[in-house]
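Heads up: the structure comes next, in structure tokens.
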Amino acid sequence: MKSEKAKAPTNRRIVIITAGGDNPNIMINALAARFDNLVVLQEQPESKALFVRRRARKLGWVTALGQLATMVVSRFGKRFTQRRVEAILRAYGVSAEPHPSIPVHRISSINDAEGRRQLQALRPAVLFLISCRMLKPETLAAIPCPILNFHAGINPQYRGLMGGYWALVNGDGENFGATVHLVDEGVDTGGILYQMRQVPSPDDTMHTYPLLQTAAATGIAARAVEDALAGELRPTAVDAPSRQWYHPPIWVWLSNGIRRGIW
């Protein structure tokens with residue numbers, strides 16, 4: 001893939017799009033420690049009803065409802081992961097608390113007219129995505145600056161959701177990690193900028209895998225932003241099997257947890 005060498009932007013505003021949460025807060029705080037001009041556009045999370053309908057169209061109702069059941073049941077396990085969460089935050093010197101001085105603009109969706117209007121008014125030099133909706137083609141077409149995405153998985157093998165979990169389930173622990181890549185119209189299919197592998201603890205679960213991947217990989221995110229600001233992005237293509245993954249249906253999640261200890 002050709003290098004994307006662009007003229008360095010005259011402004012240095014970084015706009016982060018997210019639906020919020022601990023993992024995005026970790027990334028926002030880490031980027032705020034390196035860059036001065038950050039603004040957050042925070043979307044409303046998608047409803048579970050919309051999630052189920054979209055998955056049912058793609059995977060069928062049985063699988064979609066099984067995935068929803070995993071999401072609902074597994075939430076009860078969060079109360080048992082707090083000690084591990086605190087250990088990860090300490091180990092990487094990061095914080096999941098909202099940054100008090102970063103402007104946050106609330107929007108319904110980056111893909112509606114108001115969301116695009118607010119984004120264009122901010123005139124970002126770099127757009128950074130983490131835990132947000134996919135950008136629709138008309139939204140992508142309206143953004144003239146580089147668009148980067150943080151993905152808790154190794155691309156192209158573990159595109160989509162739960163990349164760390166599926167790497168472990170597949171016996172592919174060497175590809176437990178995170179990717180920062182350019183955004184195109186596909187699901188985590190853009191040119192890869194940086195990747196970083198981690199080794200999860202036996203205490204990690206589906207709740208803490210993404211936290212670990214995010215906390216450990218803030219450095220590669222900052223490097224990608226620096227490259228974008230300098231007009232020195234150099235995406236690469238990885239010659240490996242490409243597959244998109246989803247939440248495991250509850251019967252798969254319980255089976256892997258009970259038989260193999262992969263929760």
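The values are calculated or read from the model by the stated rules, or taken from the named source; none is laboratory data. Just so we're clear, the structure is a prediction, and the values are computed from it rather than from any experiment. For neighbour counting, all protein chains shown are included, and Cβ atoms are generated from backbone atoms with ideal geometry for every residue, glycine included.
Does residue 67 count as among the polar types (S, T, N, Q), surrounded by 12 or more Cβ atoms within 10 Å (Cβ to Cβ), under 23 Å from residue 209 (Cβ atoms) and touching a residue at least 12 places away in the same chain (Cβ under 8 Å)?
Working: among the polar types (S, T, N, Q): yes; surrounded by 12 or more Cβ atoms within 10 Å (Cβ to Cβ): yes; under 23 Å from residue 209 (Cβ atoms): yes; touching a residue at least 12 places away in the same chain (Cβ under 8 Å): yes.
So residue 67 passes the test.
The residues of the range 81-97 that are under 19 Å from the mean Cα position of the chain (by Cα) and surrounded by 14 or more Cβ atoms within 10 Å (Cβ to Cβ), listed by number, are 85, 88, 89, 92, 94, 95, 96. Scanning the range 44-57 for residues that are loosely packed, with under 11 Cβ neighbours inside 10 Å and touching a helix residue (DSSP H, G or I) at 6+ places or on another chain (Cβ under 9 Å) turns up just one, 57.
So that you can scan it fast, the table gives a plain yes or no per residue for (1) at pLDDT below 95; (2) farther than 23 Å from residue 111 by Cα; (3) touching a Leu at 6+ places or on another chain (Cβ under 9 Å); (4) of a type in the set (D, E, K, R):
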| residue | (1), (2), (3), (4) |
| --- | --- |
| 8 | yes, yes, yes, no |
| 11 | yes, yes, no, no |
| 15 | no, no, yes, no |
| 18 | no, no, yes, no |
| 31 | no, yes, yes, no |
| 35 | no, yes, yes, no |
| 43 | no, no, no, yes |
| 47 | yes, no, no, no |
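Would you call residue 229 aliphatic (A, V, I, L, M) and either under 18 Å from residue 200 (Cα atoms) or out of contact with any Lys or Arg (no Cβ under 9 Å at 6 or more places or on another chain) (or both)? Here the answer is no, as residue 229 does not meet what is asked. Residue 248: closer than 23 Å to residue 85 by Cβ, assigned to a loop (DSSP other than H, G, I, E, B), at pLDDT 95 or above and not aromatic (Phe, Trp, Tyr), yes or no? The answer is yes for residue 248. Taking the criterion of being touching an Asp or Glu at 6+ places or on another chain (Cβ under 9 Å) and over 17 Å from residue 225 (Cβ atoms), the only residue of the range 143-153 that qualifies is 153. Taking the condition part of a helix (DSSP H, G or I), touching a helix residue (DSSP H, G or I) at 6+ places or on another chain (Cβ under 7 Å) and under 17 Å from residue 66 (Cβ atoms), does residue 263 pass? It is false that residue 263 is part of a helix (DSSP H, G or I), touching a helix residue (DSSP H, G or I) at 6+ places or on another chain (Cβ under 7 Å) and under 17 Å from residue 66 (Cβ atoms).
Of 204, 227, all but one fail to be touching a residue at least 60 places away in the same chain (Cβ under 8 Å), of a type in the set (D, E, K, R) and surrounded by 18 or more Cβ atoms within 10 Å (Cβ to Cβ); the exception is 204.
In the range 238-262, how many residues are touching a Gly at 6+ places or on another chain (Cβ under 7 Å) and either free of Cβ contacts under 8 Å to residues at least 40 places away in the same chain or surrounded by fewer than 20 Cβ atoms within 10 Å (Cβ to Cβ) (or both)? Explain how you work it out, then say what you get.
Let us first name the residues in the range 238-262 that are touching a Gly at 6+ places or on another chain (Cβ under 7 Å), namely 244-246, 249-251.
From the residues that got through so far, the ones that are either free of Cβ contacts under 8 Å to residues at least 40 places away in the same chain or surrounded by fewer than 20 Cβ atoms within 10 Å (Cβ to Cβ) (or both) too are 244, 246, 249-251.
Residues in the range 238-262 being touching a Gly at 6+ places or on another chain (Cβ under 7 Å) and either free of Cβ contacts under 8 Å to residues at least 40 places away in the same chain or surrounded by fewer than 20 Cβ atoms within 10 Å (Cβ to Cβ) (or both): 5 in total.
Where helices (runs of 4 or more DSSP H) fall entirely within the range 113-198, those with at least 3 residues that are surrounded by 20 or more Cβ atoms within 10 Å (Cβ to Cβ) and in contact (Cβ under 8 Å) with a residue 60 or more places away in the chain are at 163-169.
Could you say whether any residue in the range 74-97 is at pLDDT 95 or above and farther than 30 Å from residue 200 by Cα? No, the range 74-97 contains no residue that is at pLDDT 95 or above and farther than 30 Å from residue 200 by Cα. Residues considered: 209, 158, 194. Of these, the only one that is among the hydroxyl-bearing types (Ser, Thr, Tyr) and closer than 23 Å to residue 37 by Cα is 194.
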